[in-house]
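As structure tokens, the structure follows; a few thoughts come after it.
The values are calculated or read from the model by the stated rules, or taken from the named source; none is laboratory data. Just so we're clear, the structure is a prediction, and the values are computed from it rather than from any experiment. When we count neighbours, we look across all protein chains shown, and the Cβ atoms used for this are built from the backbone with ideal geometry, even at glycine. For the accessible areas, the whole protein counts, side chains as well, though only heavy atoms, and no ligand, DNA or RNA atoms are used. Shrake-Rupley method; radii C 1.70, N 1.55, O 1.52, S 1.80 Å.
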Amino acid sequence: MKRIIRNIIFFSYVLLSTLGCEETILDKDPINRYSDPIVWSDVNLVEAYLNNVYNNVDYGRSFRGHAYNSNSIFGCEVIMYKGGQSPVYNTGAISADNQGTDFATGIWKRYKQIQQLNIFLEKIDQVSEGYPDTEKAAIKVQTDVLKGEALFLRAYFYTRLCMDYGGVPVLNSPTSLGDNFLDIKRSTFEETVNFIVKDYDEAASLLKLKSGMEMGRATKEAALAYKSRLLLFAASDLTADGNAENELVGYSNPNRVALWTAARDAAKDVIDLGTCNLEDFGAPDLDAVAQNYFNFFKAYDLSSNEVIWGKMNRQDVGRKIYTNRMQGPNGTYNYGNQEPSGNFVDGYQMNDGSDFFDHFEINEEGEYINTSSQFTNKNPYYYREPRFYGTVLYDSALWQPRFSDLADIDPVGIYDRRTRVEKVGGQVVSERFGLDTRQGPIQSWNGGYSGYLTKKFMDDAIVGRYEANKNIHINIRYAEVILNYAEALLELEEEEEAAIYINMIRNRSGLPDFTGDIVEALRYERKIELFCEELRWYDIRRWKIIEDVYAEKLYGVDIVELKEDGVTTTKWKKIFGVQADNNFSAKMYWWPIATDEINKAPQLQQNPHY
């Protein structure tokens with residue numbers, strides 16, 4: 001009964017804090033509602049407190065403002081909803097007053113979790129003192145690990161803030177009603193990064209390896225891997241080329257060699273642990289690679305040594321994710337979001353590592369024409385590198401069985417995007433639109449514009465119409481660390497070593513070693529290997545190439561299969577208008593602090609050009 005009462009008290013605290021945080025400056029709860037001696041004298045309640053913070057780590061669908069990945073739309077990997085429109089950010093209309101509804105990564109309200117963690121870190125070292133002498137040492141071991149988890153989570157939330165806003169107010173202790181909030185100002189970018197790195201380092205010193213932790217909790221590998229991600233961002237051109245507009249968004253006098261060395265060493269620390277590995281996808285068997293790349297993301301637990309930190313999901317309890325329903329074809333009663341653009345699809349190399357446009361061209365009518373003497377099939381989806389088949393649903397790709405209402409038309413279960421026309425004597429005698437198009441017979445309004453869907457992250461064993469997903473969401477994995485290491489080596493002019501690690505990712509994917517420019521090879525691997533893993537927007541920002549990416553009009557594909565007098569021909573045609581045009585503005589390198597937040601704390605300096 002005593003334990004039940006304690007749990008009721010604890011969850012009352014959680015509820016009260018949640019309700020009380022919404023209107024305060026910096027989204028902070030100034031009232032220390034967690035100071036009750038009951039909570040901080042019971043290690044089980046302390047762990048439950050921390051679990052509540054874990055529940056607020058973004059993952060899966062919570063990254064998608066309306067069931068899609070906002071980061072990937074900003075990075076032009078996928079188009080908005082099913083296409084035909086564009087978020088406020090992409091149009092260049094983003095402002096402090098109008099941030100749209102599509103931003104789901106760097107919300108300023110992270111300070112709510114930071115306040116909770118600061119309370120936790122202030123109290124955690126006293127927990128063991130409330131236990132008998134015979135138990136203190138064992139409880140201290142537990143609380144040290146919990147402290148490491150809290151430090152990691154605080155660093156994680158600050159990392160998201162820093163990579164979106166630059167330097168932010170760094171608060172390392174709880175706030176209270178008597179504090180003078182007008183004294184709280186943004187720290188410089190450098191100060192913010194240094195604070196976060198210190199938290200990651202201290203967390204890593206306290207945390208156990210992944211093998212010794214419950215799946216989904218913070219680990220030593222996770223702390224070091226996120227440190228690698230942050231330091232790579234910090235060393236890049238956006239913040240460290242000497243042209244930052246002020247100290248809030250970059251270094252005033254950067255030492256590039258020192259910054260890149262820190263980024264290199266952070267990634268190497270993960271590698272040297274020896275506990276992470278790249279999954280074997282079955283290369284050189286290209287079909288096996290394609291299948292196993294897809295299978296990797298539909299795993300039901302986090303046991304893979306490539307997965308560093310992530311979230312497991314259940315269908316019966318907790319916050320449910322509906323990836324299949326959100327991403328799946330409208331012809332199987334799903335919503336058809338998260339559509340890769342034709343630009344992205346055409347960026348996939350062929351299975352020999354050559355570029356797609358070494359073998360195809362687009363004529364004046366916009367038609368894809370095969371010009372290859374090596375890959376001679378007219379279908380542009382043949383002979384592509386394996387990750388294409390594990391990532392993208394394209395016309396005629398095998399997917400899932402149809403429901404009974406369409407099974408007679410499609411007994412196999414393909415993704416059907418082509419229009420089938422039959423002519424006799426020059427006259428159209430029949431026309432049937434693809435089952436998964438905007439003219440299809442099922443939920444046509446959920447048909448996409450680009451002609452493609454994201455297969456990655458879906459589970460072909462889940463019926464999206466009825467079921468939630470139970471596959472994992474990966475927050476960070478070893479392949480990213482390998483590419484972080486390669487990029488830092490490259491920037492330090494250690495090209496030979498960098499090439500080894502770039503080719504490590506390529507060879508695992510069934511591709512030969514890269515040829516040509518090593519920078520292009522590195523950026524290709526980040527774009528393809530890490531597609532839709534919440535990284536592309538950060539990459540094009542830190543490389544300062546948003547303007548180039550946004551200058552390219554997004555396009556899709558229209559496919560018509562014509563049967564005329566017994567002869568069948570198929571044409572694939574490039575089409576525009578799949579999303580409103582992107583418009584670049586210099587302000588788009590950083591996210592604005594909302595006007596409401598500036599009104600609460602007018603001493604906070606806004607980001608450049610807002």
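For residue 390, only one of the following conditions fails: (1) over 21 Å from residue 559 (Cα atoms); (2) assigned to a loop (DSSP other than H, G, I, E, B). What is its number?
For residue 390, the exception is condition (2).
Just to be sure before I move on: is residue 578 part of a strand (DSSP E or B) and open to solvent by less than 60 Å² (accessible area, probe 1.4 Å) in the structure I sent?
Against the criterion (part of a strand (DSSP E or B) and open to solvent by less than 60 Å² (accessible area, probe 1.4 Å)), residue 578 does not qualify.
Considering segment 185-194 alone, what residues qualify as being touching a helix residue (DSSP H, G or I) at 6+ places or on another chain (Cβ under 7 Å) and within 13 Å of residue 111 (Cβ to Cβ)?
Within segment 185-194, no residue meets the criteria.
What residue, of 558, 565, 517, is open to solvent by 20 Å² or more (accessible area, probe 1.4 Å), free of Cβ contacts under 8 Å to residues at least 60 places away in the same chain and over 23 Å from the mean Cα position of the chain (by Cα)?
Going through 558, 565, 517 in turn, the sole match is 517.
So that you can scan it fast, the table gives a plain yes or no per residue for (1) among the polar types (S, T, N, Q); (2) over 28 Å from residue 393 (Cα atoms):
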site	(1), (2)
468	no, no
478	no, no
484	yes, yes
496	no, yes
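Collect the residues in segment 362-385 that are part of a strand (DSSP E or B) and farther than 16 Å from residue 559 by Cα, keeping them in residue-number order.
If the condition is that a residue be part of a strand (DSSP E or B) and farther than 16 Å from residue 559 by Cα, then 384 is the only one that fits.
Can you tell me which residue is surrounded by the most Cβ atoms within 10 Å (Cβ to Cβ) among those in segment 258-300 that are charged (D, E, K, R) and under 20 Å from residue 484 (Cβ atoms)?
Result: 264.
Is it the case that residue 256 is more than 23 Å from residue 474 (Cα to Cα), basic (Lys, Arg) and modelled with pLDDT of 95 or more?
yes
For residue 176, all conditions in the list (1) touching a helix residue (DSSP H, G or I) at 6+ places or on another chain (Cβ under 6 Å); (2) surrounded by fewer than 19 Cβ atoms within 10 Å (Cβ to Cβ); (3) of a type in the set (S, T, N, Q) hold save one; what is the number of the exception?
(1)
Just to check your reading of the model, which residue among 377, 330, 351, 305 is open to solvent by 60 Å² or more (accessible area, probe 1.4 Å) and not β-branched (Val, Ile, Thr)?
305
Cβ-Cβ below 8 Å, separation at least six or inter-chain, first residue in segment 530-543 and open to solvent by 10 Å² or more (accessible area, probe 1.4 Å), second hydroxyl-bearing (Ser, Thr, Tyr) and not in a helix (DSSP H, G or I): which pairs?
Filtered contacts from segment 530-543: 534/105; 543/236.
For segment 314-333, indicate whether the set of residues that are small (Gly, Ala, Ser), assigned to a loop (DSSP other than H, G, I, E, B) and at positive phi is non-empty.
yes
When you go through (1) crowded, with 21+ Cβ neighbours inside 10 Å; (2) part of a loop (DSSP other than H, G, I, E, B) one by one for residue 466, which number turns out not to apply?
Tallying (1) crowded, with 21+ Cβ neighbours inside 10 Å; (2) part of a loop (DSSP other than H, G, I, E, B), residue 466 fails exactly one: (1).
Please tell me if residue 449 is among the hydroxyl-bearing types (Ser, Thr, Tyr), within 23 Å of the chain's Cα centre (by Cα) and in a loop (DSSP other than H, G, I, E, B).
The answer is yes for residue 449.
Can you tell me which residues in segment 555-571 are touching a Lys or Arg at 6+ places or on another chain (Cβ under 9 Å) and either aromatic (Phe, Trp, Tyr) or not in a strand (DSSP E or B) (or both)?
Selection gives 555, 565.
Which of the residues spanning segment 214-255 are outside any helix (DSSP H, G or I), under 25 Å from residue 58 (Cβ atoms) and either touching a helix residue (DSSP H, G or I) at 6+ places or on another chain (Cβ under 8 Å) or open to solvent by less than 30 Å² (accessible area, probe 1.4 Å) (or both)?
Matches in segment 214-255: 216, 217, 218, 219, 236, 248, 249.
May I ask you to list pairs of residues, at least six apart or on different chains, whose Cβ atoms are under 9 Å apart, with the first in segment 342-362 being more than 12 Å from residue 527 (Cβ to Cβ) and the second being of a type in the set (Asp, Glu) and assigned to a helix (DSSP H, G or I)?
Correct list of pairs: 350/358.
Applying the selection to segment 179-207, what residues are surrounded by fewer than 16 Cβ atoms within 10 Å (Cβ to Cβ), part of a loop (DSSP other than H, G, I, E, B) and of a type in the set (Lys, Arg)?
Once the filter is applied, which keeps residues that are surrounded by fewer than 16 Cβ atoms within 10 Å (Cβ to Cβ), part of a loop (DSSP other than H, G, I, E, B) and of a type in the set (Lys, Arg), segment 179-207 yields only 185.
Looking only at segment 346-361, count how many residues are closer than 30 Å to residue 411 by Cβ and either β-branched (Val, Ile, Thr) or not in a loop (DSSP other than H, G, I, E, B) (or both).
0
Within the group 59, 49, which residue is within 30 Å of residue 186 (Cα to Cα), modelled with pLDDT of 80 or more and either charged (D, E, K, R) or buried (at least 16 other Cβ atoms within 10 Å of the Cβ) (or both)?
Exactly one residue qualifies, and that residue is 49.
Cβ-Cβ below 6 Å, separation at least six or inter-chain, first residue in segment 171-187 and among the polar types (S, T, N, Q), second at pLDDT below 90: which pairs?
Pairs that qualify, where the first residue is among the polar types (S, T, N, Q) and the partner is at pLDDT below 90, are 175/28; 175/30; 176/30.
Looking at segment 263-278, I want the residues that are touching a residue at least 24 places away in the same chain (Cβ under 8 Å) and under 26 Å from residue 289 (Cα atoms) and have a partner that is exposed (fewer than 15 other Cβ atoms within 10 Å of the Cβ) and of a type outside the set (Asp, Glu) with Cβ atoms under 9 Å, at least 6 apart or on another chain. Which pairs are those?
275/209; 275/211
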